[in-house]
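First comes the structure, then the notes that go with it.
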Amino acid sequence: MKAHTLLNGWVLLGLLGLPAVAAPNAQAYLPAEAVVKEALLASPGMQSARAQKEALNLRAQTLRTGSAEFTLRANLQQRRVPASQERLNEHTLSLERPVRLWGKSAVDGQLSDKTLALAEVAYNDAMHEASRELMKLWFVHAQAALAERHARQQVSSATQIHQLAQARFKQGEIAHMDLELSQAEVQRAQAAQQIAQAELANAATGLFGRYPGLPVSSSQQIIHAQVMGDFAESQAALKQVFLKENHELNLLRIEAERLQLWAERARLDRLPDPTVGVYSARDRGGAEQVTGLSLSMPLSGSVRQNAAQATLADAQAAADKVRRLQQQLSAEFDQWWTGFHSKRAASAQLQLAADTQKSAADKSRKAYALGEHSLFEMLMIARTAQEQQFAASRLQLEMLESLALLQLELHQIWDFDL
């Protein structure tokens, strides 16, 4: 089983609720950026994104050069002169090509530039989405590892209590029922451990199955007792950074700009492009040589006008989508910001409660050894202390996840943009 305990001993002091002395740094508890980038680039999703980027780059080149091609025409014919019974072979060769006029070439150049920008932002967006997915899978695995560690601690604690109960039973200090109660607690903890181990295995499969390039280490990662810093910038300032750097929003912005250019291109297309050519003809068996220029031009109808109006409507719809997405992302950022700071404050209080409960559990065990507490009371207090510490550790991990995702969206960590 590809599993290792990534997080251990999630201990944060009550100072978490006080003003911070340093900026938060989620990266200190995450896999190294170089390792993450290597794993992402090796994933099928990023290989597909790389191919799509190359395709868009080639389409941008096509827009700049234009799609017009030379056309070669050849006509062969035979002329019959009834009066003289002559049969004269004749042929005509022509070379033609449409010509972009009316400023269309300049607009196509702008469209090419926008397409190149779209290719880059789309690739960066794919990388960012893959980073977000990997981070979420990593925290799912971290939560499972935390639960498995908690289950092991429960087994260890229950085993120690059972051994203490055995010693007191041999001395005749407790009844056999108390001994069975302590044994049942061991069995309950062992069952919980088996479930936690299975969930950890599933989480490891989900993480390392998708990103096999991530290293598997048996070392434990510990959050030491410290002050978890807060952002130096204000919420409003960071929101503006977020909206400026958000790939999804930038994609829509560029697409709206491209559609505006396509609308301008469609307007110019209401003036059709001429086709210019040169030709050479050999008539009457070579007795006559003809050379000249040819010019043809489509006659514009309602189709071009309707296409221009439809493209303009598409551009307006894209601009409206940009405004809608900006409002949605702004609200989401506020939720992420509030969620991180709420968990940051609550985790401090919950850790204090866990520390108090642990002190009570230690006193209860000593009281039981002296015969001042019943086994049931000691088991309940010990179990509550373990659950309280597990809840505190889990909330601290959730706080770290909120911070990591927030910093990821702000491009403060795992920033792999080109």
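Between D334 and D415, what length comes free when the chain is fully extended (0.36 nm per residue of separation minus the Cα-Cα distance, one decimal in nm)?
Full extension from D334 to D415 adds 27.0 nm.
Given the options A346, H128, Y29, identify the residue whose Cα lies farthest towards the positive end of the charge dipole of the chain (+1 on Cβ of Lys, Arg; -1 on Cβ of Asp, Glu).
Result: H128, furthest along the dipole toward the positive end.
Hey, how much of the P(r) for segment 224-382 falls beyond 29 Å, as a percent of Cα pairs?
So the pairs more than 29 Å apart make up 64 percent of the total in segment 224-382.
Gain in length, A236 to V35, computed as 0.36 nm per residue apart minus the alpha-carbon separation, to one decimal in nm?
69.1 nm is the gain from fully extending A236 to V35.
Take the alpha carbon atoms of segment 261-284, find their center, do the same for segment 103-179, and report the distance between the two centers in whole angstrom.
Between the Cα centres of segment 261-284 and segment 103-179 lies a distance of 61 Å.
Fewest to most neighbouring Cβ within 10 Å: what's the order for L101, L350, L299?
L299, L101, L350
Assuming a ≥ b ≥ c are the square roots of the Cα gyration tensor eigenvalues, decide whether segment 103-220 counts as rounded (a/c under 1.5), prolate (otherwise, with a/b larger than b/c) or oblate.
Judged from the Cα gyration tensor, segment 103-220 comes out prolate (a/c at least 1.5, a/b above b/c).
Rg to Rh for the chain: what is it, with Cα atoms only and Rh by Kirkwood?
Ratio of gyration radius to Kirkwood radius: 1.31.
So, by mean Cβ neighbours within 10 angstrom, what's the order for 380-390, 236-246 with the highest one leading?
Going from most to least packed, we get 380-390, 236-246.
About the Cα centre, and with charges only on the beta carbon of Lys, Arg (+1) and Asp, Glu (-1), how big is the dipole of the chain? Nearest 20 debye, please.
Computed charge dipole of the chain: roughly 980 debye.
Once amide H atoms are placed 1.01 Å from N in the peptide plane, what residues at a sequence separation of 5 or more from D230, or on another chain, have their amide H within under 5 Å of its amide H?
A20, V21, A22
Using a Cα-Cα cut-off of under 19 Å, which lysines could be cross-linked to K244, ignoring same-chain neighbours fewer than 8 residues away?
Within reach: K114, K321.
For segment 73-163, just say rounded, prolate or oblate: build the C-alpha gyration tensor, square-root its eigenvalues into a ≥ b ≥ c, call rounded for a/c under 1.5, and beyond that prolate if a/b exceeds b/c, oblate if not.
oblate
I'd like the orientation of helix 104-170 relative to the chain: the angle between its Cα long axis and the longest Cα principal axis, in ° from 0 to 90, rounded to 10.
20 degrees
Under 1.5 on a/c is rounded, so check that first for segment 32-113, then, if it is not, pick prolate when a/b is larger than b/c and oblate when it is not; a ≥ b ≥ c are the square roots of the alpha carbon gyration tensor eigenvalues.
In terms of gyration-tensor shape, oblate.
Taking the Cα centre of segment 353-418 as origin, sum charge times position over the Cβ atoms of Lys and Arg (+1) and Asp and Glu (-1), and report the length of that vector in debye to the nearest 20.
It comes to approximately 580 debye.
Run down the aspartates and glutamates and flag those whose C-alpha is under 18 Å from the C-alpha of K363, throwing out any fewer than 8 positions away in its chain.
D355, E372, E377, E387
Where a number appears in this text, it was derived from the coordinates with a stated rule and is not lab data. Here the structure is a predicted model, which is why all the values come from computation and not from measurement. Every residue, glycine among them, receives a Cβ derived from its backbone with ideal geometry; neighbour counts consider all protein chains shown.
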